[in-house]
Structure formats: C-alpha cells, structure tokens
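Inspection log for the structure reproduced underneath, given as structure tokens.
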Amino acid sequence: MSFLYPQLFWVLLVPFVIFALLVSTNKEQLSRVFDAKVLKRLSASDETIPKMLRNLTMFMGLFLMIVAMARPVFSHGEREVEMEGLSLLVGLDISGSMRSQDHYPNRLAFAKKKIEQLLDEMPNDEIGIVAFAYSSFVLAPFTSDKATLKMMVSRVDDAYISQSSTDFMALEALSAKLLKEKKPKIVVLFSDGGDQEAIAGLEARLKEEQIALFVVLVGTAKGAPVIDSEGKAVMQADGTIAITQRNDTLGEVAVASGGAYTIAHNGKADMKAFVETIRSRYPNQQQGSVMLKDQEELFYYPLALGLGLFLIALSSLPRRRVRHTTKEGVS
C-alpha cells in the first residue's frame with residue numbers, strides 16, 4: 001500500500017498532534033482556542049462514555065480521516081492501454097468576412113464554438129489546428145489534449161482577422177505537408193466558403209494529394225454586411241454596403257473529394273451528426289499506447305471508519321437524571 005499524497009499526511013499530522021496534546025493536557029490554554037460550548041462537548045463529564053475513552057475515539061477518528069485525505073492506494077503495477085482514433089486537421093477561417101454578424105456575435109466566434117463542440121465529440125482523436133486567410137499557419141500541432149486545443153482556439157480573436165481574401169491553395173499546400181505521414185488524410189474546415197475565384201482548382205489539388213475535405217459552413221445564404229476592424233460596415237465603390245454570403249460551393253468541393261459538408265446551426269446536434277458521418281467513412285486508426293498505473297483506491301475505508309468514530313466521540317450521551325418529587329417540590 002502507498003499514498004498518493006504522503007506530503008499532505010505529514011503536514012496535517014503536526015496540527016493533529018498539537019490538538020491532541022491540548023485536549024489531553026491543557027484545558028486552560030484550550031479554552032482560548034475553542035468556544036466554551038465546543039469545549040464543554042469535548043470534555044463533558046456527565047456522559048456515559050468516559051472522558052479518556054471519548055477523547056481516544058475522537059483522536060482515532062481524526063487520524064483515520066487524515067489517512068483518507070492522503071489517498072491510500074493498493075498498486076497492481078502498470079498496464080498498457082492502446083489508443084485508437086482518427087487523425088485530422090481542423091482549419092479555422094480568419095478572413096475579413098468572418099466578422100459578419102449573421103451569427104451571434106459574429107461568424108468567427110460562432111465557428112470557434114463549433115470547433116469546441118467538435119473537439120468534445122472526438123475526445124480520443126489526434127487533432128491539429130490551423131488558421132487560414134490569405135496565408136495559413138499552425139495554431140496547434142497534432143495532439144489528443146483537447147483542453148490545450150480549446151485554449152488555443154479561444155485565443156483567436158478579432159486581431160487575427162485579415163481583410164485579404166482567402167487563399168485555399170496555400171491552405172491545401174500546408175495541409176498536405178502536415179498530413180504527409182497521416183492515413184487517412186482528413187481536413188475539416190470551418191468557413192463561410194470564401195469566393196468562387198479562391199475555390200477554383202481546389203478540387204483537383206485535393207484529389208492529387210488524396211485529401212478528404214469535410215466542411216462546416218457558417219453564415220447565412222442571405223448574408224450580412226462586411227465589417228472592418230473598427231466595427232463599421234465596409235462600403236463599395238458605388239457607395240453601397242458590401243454584403244458577404246455563405247458560399248456553398250466549398251461544400252460541393254468537399255463532397256467531390258470524398259468528404260462531406262454541413263451547415264452550422266445553434267445547438268450541438270449538428271456537430272454530433274457531423275462527427276458520426278466522418279467516423280462512418282473511416283475506421284479508427286492505432287494512435288499508439290500509454291502506460292497507466294493500475295491502482296485500487298482505499299481512502300473510503302479509513303474515511304468511513306474515521307467519520308463513524310468521530311461522530312461517536314462528539315455524540316452527546318448524557319446519563320438520565322431521575323427527578324425526585326418531594327413535598328417541597330421537585331429535586
């Protein structure tokens with residue numbers, strides 16, 4: 001048997017010993033520390049449990065609770081656990097159109113929320129994250145640590161947004177490089193679709209690199225004004241407000257590459273169904289193995305016994321006083 005937190009045991013043992021000595025030997029000094037009612041309860045002399053036995057029971061209960069807090073465990077050694085899942089690259093669109101507010105509070109924030117939902121649906125899978133607009137860069141390398149991935153995604157804010165148009169060719173080149181050793185090669189994009197010019201030629205490049213594209217489209221078909229870095233609507237040369245609409249053509253490219261697409265909605269059902277679609281296309285791959293300590297927790301035994309002894313020690317068990325009735329009254 002061993003303890004997970006042996007330091008805690010020794011730290012708590014010191015005040016425990018001091019407390020035991022005060023209760024046992026120094027009533028006057030103890031009265032300065034504890035309330036009179038508590039002290040009376042600890043030192044009551046009119047109870048059925050003798051004072052010495054009562055204190056001993058209380059001390060044993062406290063000691064067992066300290067042992068429980070140190071987390072005693074029985075070790076069965078280590079065992080190897082095989083990790084299975086998919087490897088996929090997630091891309092977040094940070095082009096200027098992602099400031100549009102047809103999703104609350106804007107497309108970028110909505111896409112980030114959807115990425116977090118995707119990560120929740122893929123707890124054991126290996127995922128890397130890139131951001132893309134005119135140029136593409138890695139936000140997080142491939143990892144199964146979803147907490148770290150969520151933190152990296154949460155840091156992407158308005159300052160990352162580029163007013164330049166999206167270069168899907170640059171994104172494809174970076175994706176091919178990052179997925180070079182991966183099988184299958186899966187890319188999941190969260191984007192409003194970009195424009196037709198930017199998408200041209202992407203389908204051929206995906207097939208050449210054998211990359212399956214999956215797309216989560218954000219934005220509405222109706223569209224919304226393009227917002228600049230100052231929060232103002234962008235005006236066109238003719239004086240009208242520039243409107244950006246969701247481009248579903250990127251979804252059609254995804255289907256042609258062997259992937260699929262979905263239009264993002266509020267709630268979590270869309271990401272759950274989307275992940276099921278990905279898993280239906282590709283079986284889990286071996287992601288390696290990890291060594292885990294096989295330990296049996298024992299803390300509940302001393303905790304239960306300690307609480308029981310402590311409650312017995314603090315329970316009030318006074319002797320019944322017999323009332324004698326005399327002519328003069330009750331005595």
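The values are calculated or read from the model by the stated rules, or taken from the named source; none is laboratory data. Owing to the predicted nature of the structure, the values given are computational and were not obtained by experimental measurement. Heads up, the Cβs are rebuilt from the backbone with ideal geometry, glycines too, and the neighbour counts pull from every protein chain shown.
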Boolean, Lys180 is assigned by TED's automatic domain parsing to the domain that holds Thr277, of a type in the set (Lys, Arg) and modelled with pLDDT of 95 or more: no
Which residues, taken from the range 143-162, are surrounded by 18 or more Cβ atoms within 10 Å (Cβ to Cβ) and either closer than 17 Å to Val187 by Cα or touching an Asp or Glu at 6+ places or on another chain (Cβ under 8 Å) (or both)? Ser144, Leu149, Val153
When you go through (1) more than 25 Å from the chain's Cα centre (by Cα); (2) surrounded by fewer than 15 Cβ atoms within 10 Å (Cβ to Cβ) one by one for Met98, which number turns out not to apply? (2)
Assuming Gln196 fulfils every condition listed in (1) surrounded by fewer than 16 Cβ atoms within 10 Å (Cβ to Cβ); (2) at pLDDT 95 or above apart from one, which condition is it? (2)
Tabulated pairs, the range 218-235, first among the polar types (S, T, N, Q), second part of a loop (DSSP other than H, G, I, E, B), C-beta under 7 angstrom, 6+ apart or interchain: Thr220/Asp102; Thr220/Arg246
Of everything in the range 101-132 that's under 21 Å from the mean Cα position of the chain (by Cα) and assigned to a loop (DSSP other than H, G, I, E, B), which residue is surrounded by the most Cβ atoms within 10 Å (Cβ to Cβ)? Asp125
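Out of the residues in the range 219-244 meeting the condition of being hydroxyl-bearing (Ser, Thr, Tyr) and in a loop (DSSP other than H, G, I, E, B), tell me which one is modelled with the lowest pLDDT.
Ser229
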Whether any residue in the range 255-263 is more than 19 Å from Leu108 (Cβ to Cβ), loosely packed, with under 14 Cβ neighbours inside 10 Å and of a type in the set (Gly, Ala, Ser) is what I want to check. no
Determine whether Thr166 is surrounded by 17 or more Cβ atoms within 10 Å (Cβ to Cβ), of a type outside the set (Gly, Ala, Ser) and in a loop (DSSP other than H, G, I, E, B). yes
Selection within the range 199-222 - surrounded by 21 or more Cβ atoms within 10 Å (Cβ to Cβ) and either more than 13 Å from Ala256 (Cβ to Cβ) or not assigned by TED's automatic domain parsing to the domain that holds Ile94 (or both): Val216, Leu217, Val218, Gly219
Among (1) at pLDDT 95 or above; (2) in a helix (DSSP H, G or I), there is one condition Val216 misses while meeting the rest; what is its number? (2)
Assigned by TED's automatic domain parsing to the domain that holds Tyr104 and touching a residue at least 40 places away in the same chain (Cβ under 8 Å), is that true of Ala264? yes
